[in-house]
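Data block below; observations after.
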Number of protein chains: 2
Amino acid sequence: MRDKITARSEDYSEWYTEVIRKAELADYAPVRGCMVIRPYGYELWENVKAGLDRRFKETGHENAYFPLFVPMSFIEKEAQHVEGFAPELAVVTHGGGKELEDPLVVRPTSETVIGYMYSQWIQSYRDLPVLINQWANVVRWELRTRLFLRTMEFLWQEGHTAHATAEEAQEETLRMLEVYTDFAVNDAAIPVIPGRKSDSEKFPGADASYSIEAMMGDCRALQSGTSHNLGQNFAKAFDIQYQDANGTQQHCWTTSWGVSTRMVGAIIMTHGDDQGLVLPPRLAPTQVVVVPIYRKDDERSTVMEAIEKIEAMLGQAVRVKVDARDEYSPGWKFNEWELKGVPLRIEIGPRDIAKDQVVLARRDVPGRDGKSFVPLEEVADMVSDTLKDIQNNLLTRATEFRDANTSEPSDYDSFREAATQGFARAWWCGAIACEDKVKDDIKATTRCIPSDQPGGSGACIVCGDPAEEIAIFARAY
Amino acid sequence: MRDKITARSEDYSEWYTEVIRKAELADYAPVRGCMVIRPYGYELWENVKAGLDRRFKETGHENAYFPLFVPMSFIEKEAQHVEGFAPELAVVTHGGGKELEDPLVVRPTSETVIGYMYSQWIQSYRDLPVLINQWANVVRWELRTRLFLRTMEFLWQEGHTAHATAEEAQEETLRMLEVYTDFAVNDAAIPVIPGRKSDSEKFPGADASYSIEAMMGDCRALQSGTSHNLGQNFAKAFDIQYQDANGTQQHCWTTSWGVSTRMVGAIIMTHGDDQGLVLPPRLAPTQVVVVPIYRKDDERSTVMEAIEKIEAMLGQAVRVKVDARDEYSPGWKFNEWELKGVPLRIEIGPRDIAKDQVVLARRDVPGRDGKSFVPLEEVADMVSDTLKDIQNNLLTRATEFRDANTSEPSDYDSFREAATQGFARAWWCGAIACEDKVKDDIKATTRCIPSDQPGGSGACIVCGDPAEEIAIFARAY
């Protein structure tokens, strides 16, 4: 019998790591701070990729691939950029047995090298917009790492676009924020809050940064995707110019936006429970697991024949796995697939076959309440409907949880408590001094200034000065 | 008007580079030896990936992701491996602003780090086989680089499997060689020759290496994929052990196999002509380009309406692009899409509409011979049939070219000529001394000992000693 997982209420951080390792999503690599994404975790990531990639293509983007190595001099061209990334760089100083004259940086992000290429490719307004995305690995020398959430090397996509006007760049920045929101809400069932980052939380080199912020199961915030309006900062640093329709040279306006393997961490911590993972059906590598139940050898073939029929009925529309391993008991398998978060389980044994039925067991509703008997001929429809229902239920549940842990405190004392225990929505004057005070007092930060604002104005929750916008404050990963 | 491409007969190497850059497949990166894969080239690579990935999954493999950085000490654990790769390593010596105690190698291939992980994951014979593939970037410090064929960083897949017996490892090695052959022949229309590498051409650390060898348009060979039986070499170096059914500890038997972005170079050089790229329909990002033909503005809407109908008739089964740009003439567009190797062009103008027909123009048959008039109602069937025909024709043509440039010389003088000008099939005794002599004399190497052997025996073409096998000798990329 395997060990039980630590309960979330007992030690959330330990629960998180145990779920990842026991469900075989990922493992520690021999190099400090790096991780190995195991097949089950990678398939989940492939489904995240597919959901995002489809949306990128629908909004006119193409994929390309830029080099891993960036000359150190490139990083230094944009003042804020180098300031932000210098402490996190991994540097190649030797190649082919020799010391390099110019050290190479392992990309922490690719604005610089892509900016350089765009300056070569873009000549005329006819070449704009350039809408390119890249799926790649990047490296940031993080000291405190955690599987999926913060690793030295991680996988991500980074979109990089160039436009003729400031307006178009801003539209693109918000369009991709909307794409991320749509993916998070509808595929990952995570009710993220899209909004603008405060100046102190901006991407190094951006005019404005936006993010989607999610609440994890321990009520802490996780920034799950970002979209940056880079203004003309990189265009000027890398001389990305185009000739406009009047024959005048102009600098482009650029954007960048990214979602990483951190999204897998968001999925684990939004939906998981004390039995392990709970995966949203749209992204689950296996949506339905079929567990045959038989005691005697002569029952096996009858049950397996019925399962073949069920597989045929479910067809290609559903990702099904049949667990026909003889060396494990049905109960052991139930635990295994619950740990792995498979949304729906079909159980079938001789007594079910005699009644022309199967048992459906929902992962999102533990125990008896999640079980139902379904006539065999209805299994395809019921599976399809139940998967949709599970997808919706996960979103509803996560939204209710978030809302139950979000408050709108009216004084600083209740604000301190609210922002320590969950999301605090509060008027903020925009001063960094107020952000700093909150950070010092309770280790909470502004997560974003939500796109959806109540309107009007109020008094800053920290200093009492007039404030035009509501911000969300929380402790964050 | 754009510049013409250098003819292949004039300067094959220049032709190759010009096609890549003018068709916007790739570009040079600012770091020496690295390249940028542009959207059109990347989409071609994505189709290569999809064709391979499907075959990997059909043969039971799963994808995973292992770290970019490998401890230097890992590389040193397998004696042949370190000897082979040490001269090509890129080394990270600084991270996060500090000098590292243990330098990290940027993976040139992942046998070592994956071997280490397998030693953690594999306990029992029940855990075997482990069948994992990874899509990743790798870095080898090459001095003489060429776009797609040999770049310092390249994209590839590397499969890594572990088995309980020597027989299973050998079966897997040959199974993947067969998968590569199937992909090359049926998707890329490249008539590769599968076979065993000579001992001197083996992968560093392998017991036996196999490859698929292709003939490029200049009659030189290109190794286009490799599959290695690693025996117990890495299992012993990394202590990958399992307990067999009798309770005895045994070392695993492992394999590795890879195909890289080099395959894109193979496609360019196998099918391309003096007009540019010629892409096999199965892999072409755009299979059919539709070019509207109109002189007066009032003709435009009629033609575009007809094109909408054609698009609807072609549906989702074909990758179609309509080139409706007003700023370019039809003739300019014809050149453009020929350069980009789109297999099939549909031309349609008012006169065609009046006759309820379109013009189909095949990329693989230049000029009038490749053009035909097709009744509008038959366009979907004709496009589908013609794409299949083009796919077959490219394979037939490449096979005929290869065979016309392959000979079976009977003495060393004619062998020298044959192996200089194309593929020479000849008896070889297996001695490295004979390989070295050929290399010194004419810069040709053994490409492989083809799996398909004539049987019997003969006299080594170099030394005259008895020989059991035929080898292919050629100059290679």
Q. Among B:E46, B:E78, which is the only one that is within 8 Å of another protein chain (Cβ to nearest Cβ) and touching a Pro at 6+ places or on another chain (Cβ under 9 Å)?
A. B:E46
Q: List every residue pair whose Cβ atoms sit under 6 Å apart, with the two residues 6 or more apart in sequence or on different chains, where the first one lies in the stretch A:365-389 and is over 17 Å from A:I353 (Cβ atoms) and the second, anywhere, is small (G, A, S) and in a strand (DSSP E or B).
A: A:G370/A:A361; A:K371/A:A361
Q. Got at least one residue in the stretch A:85-103 being over 30 Å from the mean Cα position of the chain (by Cα), more than 9 Å from every other protein chain (Cβ to nearest Cβ) and in a helix (DSSP H, G or I)?
A. no
Q. Is there any pair with a first residue in the stretch A:295-313 that is more than 16 Å from A:D323 (Cα to Cα) and a second that is assigned to a helix (DSSP H, G or I) and of a type in the set (A, V, I, L, M) whose Cβ atoms are under 7 Å apart and which are 6 or more apart or on different chains, and what are they?
A. A:M313/A:V379; A:M313/A:A380
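Yes/no per residue for (1) in contact with a strand residue (DSSP E or B) (Cβ under 8 Å, 6 or more places away or on another chain); (2) under 25 Å from B:T145 (Cβ atoms):
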position	(1), (2)
B:A29	yes, yes
B:P39	yes, yes
B:E43	yes, yes
B:K49	yes, yes
B:H61	yes, no
B:E83	no, yes
Q: Could you look through the stretch B:312-350, keep only residues that are surrounded by 15 or more Cβ atoms within 10 Å (Cβ to Cβ) and of a type in the set (D, E), and pick out the one that is nearest to B:V379 (Cα to Cα)?
A: B:E347
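Residues checked against (1) in contact with a Ser or Thr (Cβ under 9 Å, 6 or more places away or on another chain); (2) farther than 29 Å from B:R32 by Cα; (3) buried (at least 17 other Cβ atoms within 10 Å of the Cβ):
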position	(1), (2), (3)
B:L68	no, no, yes
B:F74	yes, no, yes
B:K98	no, no, no
B:P108	no, no, yes
B:S124	no, yes, no
B:R140	yes, no, yes
B:L143	no, no, no
Q. Taking the stretch A:198-208, which residues are buried (at least 23 other Cβ atoms within 10 Å of the Cβ) and in contact with a strand residue (DSSP E or B) (Cβ under 6 Å, 6 or more places away or on another chain)?
A. A:F203, A:A206
(Q) Quick check on A:I212: is it assigned to a helix (DSSP H, G or I), at pLDDT 95 or above, of a type in the set (A, V, I, L, M) and buried (at least 24 other Cβ atoms within 10 Å of the Cβ)? (A) no
Q.
List pairs: first residue in the stretch B:420-441 and under 17 Å from B:Q223 (Cα atoms), second residue of a type in the set (D, E) and assigned to a loop (DSSP other than H, G, I, E, B) anywhere in the structure, Cβ distance under 9 angstrom, at least six positions apart or on different chains.
A. B:A424/B:E408; B:R425/B:E408
(Q) Given the criterion part of a helix (DSSP H, G or I), touching a residue at least 40 places away in the same chain (Cβ under 8 Å) and closer than 30 Å to B:Q250 by Cβ, identify the matching residue among B:V185, B:V179. (A) B:V179
Q | Lone unmet requirement of (1) touching a residue at least 12 places away in the same chain (Cβ under 8 Å); (2) at negative phi; (3) not in a strand (DSSP E or B) for B:N246 | A | (1)
Q) When residues of the stretch A:2-27 are filtered for being part of a loop (DSSP other than H, G, I, E, B) and not β-branched (V, I, T), how many remain? A) 11
Q: Give the number of residues within the stretch A:256-273 that are farther than 16 Å from A:N63 by Cα, in contact with a Ser or Thr (Cβ under 9 Å, 6 or more places away or on another chain) and among the β-branched types (V, I, T).
A: 1
Q) Being surrounded by 13 or more Cβ atoms within 10 Å (Cβ to Cβ) and in contact with a Ser or Thr (Cβ under 8 Å, 6 or more places away or on another chain), is that true of even one residue in the stretch A:363-381? A) no
Q: Please note which strands (runs of 3 or more DSSP E) are completely contained in the stretch A:363-457 and include at least 1 residues that are within 30 Å of A:V320 (Cα to Cα) and of a type outside the set (F, W, Y).
A: A:371-375
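The values are calculated or read from the model by the stated rules, or taken from the named source; none is laboratory data. Just so you know, these numbers come straight off a predicted model, no measurement behind them. With ideal geometry, Cβ positions are generated from the backbone for all residues, glycine too; neighbour counts draw on all protein chains shown.
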